[in-house]
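The values are calculated or read from the model by the stated rules, or taken from the named source; none is laboratory data. These numbers come from a predicted model, not from an experiment. Just the protein is used for accessible areas: all its heavy atoms, side chains included, with ligands, DNA and RNA removed. Shrake-Rupley method; radii C 1.70, N 1.55, O 1.52, S 1.80 Å.
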Amino acid sequence: VPAAAQSRSRAQFLAGAAAQRGRAQPRGFWGLAAVKTWALANRAIAVMLAFALGFIVGTYGVFTASAESLPGEPLYGFKRTVEQTQLLFSLDPNAREQLQTDFNQRRVDEVMRLLAGARQAAVVFGGLLDSVDGTAWSVAGIRVTVPPEVVVVGTPFPGLYVEVAGTSQADGTVRAERVEVTGLAFIGTVRSIAGSVWQVDET
């Protein structure tokens with residue numbers, strides 16, 4: 001092959017390669033930008049997933065820790081909020097009533113634990129009024145002191161369901177600040193049910 005022809009071929013090859021390289025650069029730039037964008041998007045998704053997982057785990061941890069909290073402790077407010085949320089989303093009236101009953105018993109148990117530890121804290125609980133002897137009452141098995149100046153809503157007598165707001169004392173009693181009679185409760189055998197009318201024993 002003549003030398004002149006070789007020189008022309010070489011020059012055409014190099015020129016073509018240069019042209020290809022010039023066109024490939026923009027494609028390489030946009031390709032790199034796309035890769036960077038994809039990497040950033042994946043990183044953002046990973047961060048969000050990690051945050052969501054941490055939030056779920058953290059919330060579950062707080063929920064578990066709050067389950068045994070008592071009045072006056074930092075997580076007690078969270079515990080009560082969880083209970084109110086459960087009641088709010090309980091659409092079945094029977095299930096809601098059972099939840100409320102369980103929560104009422106939980107309040108009594110909390111007060112008993114405070115009294116067992118001779119701890120002072122603001123408490124609210126309800127239960128059957130077992131006895132009344134002057135200022136010394138017994139509500140759901142808990143000794144309650146009701147000073148003369150305490151507001152008592154309703155006419156209390158044994159067998160009624162009352163709610164007590166007060167403060168647990170180191171001597172194993174609750175000093176009442178307010179007492180409200182909320183209803184009548186008794187135990188018996190259901191004889192018949194006719195709509196909303198129930199016969200319990202002879203009542």
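Just reorder Y76, Y161 by solvent-accessible area, largest first, 1.4 Å probe, all chains present. It would help to have the intermediate numbers written out before the result.
Working: Y76 30, Y161 55 Å².
In descending accessible area the options line up as Y161, Y76.
With every protein chain left in place, what is the accessible area of R96 in Å² (1.4 Å probe, nearest 10)?
Only protein atoms counted, so the area is about 90 Å².
According to the Kirkwood expression over distinct Cα-Cα pairs, how big is the hydrodynamic radius of the stretch 65-114, in Å? Intermediate values should be presented prior to the final figure.
Working: mean 1/r = 0.0875 Å⁻¹.
The answer is 11.4 Å.
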